[in-house]
Amino acid sequence: MYVEDFEAFYEQAIGLFKARPIETRYSIKFRNSEGKLVLKVTDDRTCLKYKTDQQADLKKLERITSIFLPLMACGDLPAEGVSGSEAGQQQQQQQQQQQPASGVQASSSSKKARRRG
Amino acid sequence: MVLLEPDPFLSELHKMYERNKSGTVWITMKRTNMKPRKSKKPDPKAEYVCLIRANDGKRHVSTTISPTQYPKFSQSMVIIMKGAMADTLKRKEKKKENK
């Protein structure tokens, strides 16, 4: 249940969501008194957990949260493509034009093109 | 369960972290089309949103985030979480500090 390596946890969590987007949920539990943070991703069949007490892992929390929020809101990562509803498709196209997505190779090349032009 | 707009939800989340220095704060995110349980017919026009719930054991609040709202909300939520957790989590001891 507990995954030691964050990258493995991250990859498996995204895999779970893409396989069963409606059933998968992501929980964050923070106990201030113990200073412990537990991330949990489950689709009611498989449960993945990652626990930490390190301040350095806040970056990992930020990374995974900022991936899961667009995944759950849009159905898929905006820059990679669409697997959601038609309304989501139109909104994602608008977002691609207005806001270049972060952490994606396609968007970085388009940024370079804009700077040169 | 109180369903709020994104901004009041963020305020409430911040307050939860402030109030619960000795307890636990849970945040859960799930994709849903928010259809009521009683309706048996699947609605093809139903739009999917991200349902976010927060609770501290006493108070339960939630909000829905649509595809257009998530960038700003995501940034704000992460700032709140990091701000609340930064002081309590352990820092790695640097070996090269003392010279």
For a 24 Å ceiling on Cα separation, which of these pairs sit above it: B:K38/B:K72; A:K60/B:K90; A:K40/B:K82; A:K60/B:K92; A:K59/B:K30? B:K38/B:K72
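Sorting B:F73, A:F6 on the 10 Å Cβ count, fewest up front, what's the list?
Fewest to most other Cβ atoms nearby, the residues stand as A:F6, B:F73.
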For A:R31, placing the label point 7 angstrom along Cα-to-beta-carbon and taking segment B:48-82, residues whose amide nitrogen sits under 15 Å are B:57
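Please compute the Kirkwood hydrodynamic radius of segment B:50-93 from all pairs of different C-alpha atoms, in Å with one decimal. Can you show the working numbers first?
On the way: mean 1/r = 0.0804 Å⁻¹.
Kirkwood radius, segment B:50-93: 12.4 Å.
We did not get these values from a lab; they are worked out from the coordinates using the rules stated. Every value quoted in this text rests on a predicted model; they were computed, and no experiment measured them. All Cβ positions, even for glycine, are placed from backbone atoms using ideal geometry, and neighbour counts span all protein chains on display.
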